[in-house]
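Have a look at the structure below before the remarks.
Every number in this text was worked out from the coordinates using simple rules, so none of it is lab data. Computed from a predicted structure; not experimentally measured. Cβ placement follows ideal geometry from the backbone for every residue including glycine, while neighbour counts extend to all protein chains displayed.
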Amino acid sequence: MTRPHRHGDAGQAFPIYITVVGGLLFLALAYFAVGQATVNRSGAQTAADAAALAAAQDTRDRLADLWVTDVLDPTKWQDIFDGKDVTFDGCGRADQLASQNDADVTGCDPNAFLMRYDVTVRTRKTMGKSIVPVTEGKRSNASAAAVIEPLCTFELPGTGAGNTVLPELTCKDGRKWEPDPTDPTGLPGPEDLFDVHLAD
């Protein structure tokens, strides 16, 4: 009795092996393409977050400067804390920060009433070549919003003659400030008066 040759089995297995390896290679390339897209989108979101925060911080700093300028007139303080006495034109800073993160601002919407900036960006780099041709020239878009939140409250003093005492500021961190305009170094800074954070 003769044994069957195994060369036929090996010949049949080889195409299956090639198919499996080819499938694994395709999956690897697909995962790589997904990874490229994820990194690109992550970069876009980072740029959008940075741009929105930069715009809001620029306006916050000018609000704080305005408060220092008007520190002797407490009747103006509330309007400053409400963002009413400054132009919300921080979009130039948004452009700068987006550019530093290799992206371009495609939309910047300041809202003085809500004390907020809504920013959209697009990455300068594409997702790159991959097995999915449509992604080669595609850029990622992302959006972010940053808000300016006043941290301190106060009560106006009485209007009696000779009353020159400035109101005490009570801030959310529990700190109390007694503004002394003769000592500028003792006045609260922008980060003490206002918080800037990304909107939920």
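Computed quantities for the displayed model
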quantity	calculated
Some residue of segment 76-84 being in contact with a strand residue (DSSP E or B) (Cβ under 8 Å, 6 or more places away or on another chain), assigned to a loop (DSSP other than H, G, I, E, B) and surrounded by 16 or more Cβ atoms within 10 Å (Cβ to Cβ)	yes
Looking only at segment 93-115, and only at residues there that are part of a loop (DSSP other than H, G, I, E, B) and out of contact with any Ser or Thr (no Cβ under 7 Å at 6 or more places or on another chain), the one that is surrounded by the fewest Cβ atoms within 10 Å (Cβ to Cβ)	PHE113
Contacts under 6 angstrom Cβ, first residue in segment 102-120 being in contact (Cβ under 8 Å) with a residue 24 or more places away in the chain, partner of a type in the set (Asp, Glu) and not in a strand (DSSP E or B), 6 or more apart	VAL105/ASP95
Failed item in (1) of a type in the set (Gly, Ala, Ser); (2) within 16 Å of ALA142 (Cβ to Cβ); (3) buried (at least 17 other Cβ atoms within 10 Å of the Cβ), with GLY90 passing the rest	(2)
